[in-house]
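Since the structure comes first, as structure tokens, the remarks are kept for the end.
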Amino acid sequence: LKYFVTNKNSLYPSLNENGIYLRNTINSFCKRNKIPVRMIGIGSMSRILFTNKPVNSRRERDLLECSVDFQNSFYYYLLFKKNILVNDNRVIFISTAHKKKHIEAITQGIIDTLVNFYLPSDFFPVVK
């Protein structure tokens, strides 16, 4: 606790910057590649939305997002192929233990998974 109080002027801005980097990078990639996914969040907490439409509530999110089965497959792939654990509530938390290299690896893992699930290839069909 003493460490957090003493370093609050650098810890919290760093957490916020890492969260912004993650969300902006994922959102830019999705827009550029016309992938109907967006990442939302605040500070060090982020969430992947499986829609590119504005969402104002949980009810809207449930109506607009793709199937839960697809989302589960996406998160299982993140875990088992990219070693990225996302909580059951699907919120991605960044901590002070995550360094820039970790944030970049998480970002790249999410991008790689988006490519595998949304962009055409010889191995993966396009999902709509």
* Any idea which of (1) over 23 Å from V115 (Cα atoms); (2) open to solvent by 50 Å² or more (accessible area, probe 1.4 Å) is the one L15 doesn't satisfy? -> (2)
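Okay, residues lined up against (1) in contact (Cβ under 8 Å) with a residue 40 or more places away in the chain; (2) out of contact with any helix residue (DSSP H, G or I) (no Cβ under 9 Å at 6 or more places or on another chain):
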residue	(1), (2)
P13	no, yes
N27	no, yes
K31	no, yes
I35	yes, no
K53	no, no
L63	no, yes
Y77	yes, no
N83	no, no
* To do: Taking the residues in the range 1-47 that are at pLDDT 95 or above and among the aromatic types (F, W, Y) as candidates, determine which candidate is farthest from K101 (Cα to Cα).
  => F29
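The values are calculated or read from the model by the stated rules, or taken from the named source; none is laboratory data. Computed from a predicted structure; not experimentally measured. Cβ sites come from the backbone with ideal geometry, for glycine too, and all protein chains shown count toward neighbours. For accessibility, only protein heavy atoms count, side chains too; no ligands or nucleic acids. Shrake-Rupley method; radii C 1.70, N 1.55, O 1.52, S 1.80 Å.
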